[in-house]
């Protein structure tokens, strides 16, 4: 009889590290960093250090589901990053 990889796992329970098991875990909802900060003065395109946190290592603007920002602040952040890129404070792409 030939050895088959699928036969050895057929007797196991599905309670292990199956993808269905991992999918059911709930993650904590991210809170908008700008809404949570009471001393928030606004999103400024000249504040490059703050804007860099919301850009990937390839230079792309990170989406809301990753950053946890609300829609209002994500739009303002996107405009600020685009303005900073336009006047060469931030690069369009990173090498």
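FYI, it's all coordinate maths here, none of it is from the lab. Since we're looking at a predicted model, the values are computed, not measured. Don't worry about glycine lacking a Cβ; one is built from the backbone with ideal geometry, like all the others, and counts go over all protein chains shown.
Taking the beta-carbon count within 10 Å as an exposure proxy, list 61, 66 from fewest neighbours to most.
Numbers: 61 16, 66 11.
The fewest-first ordering by Cβ neighbours comes to 66, 61.
Largest first and in whole Å, give the semi-axes of the range 30-95's equivalent ellipsoid, each being the square root of 5 times a Cα gyration tensor eigenvalue. Let's see the in-between values first.
Details: eigenvalues 77, 38, 17 Å².
Those come to 20, 14, 9 Å.
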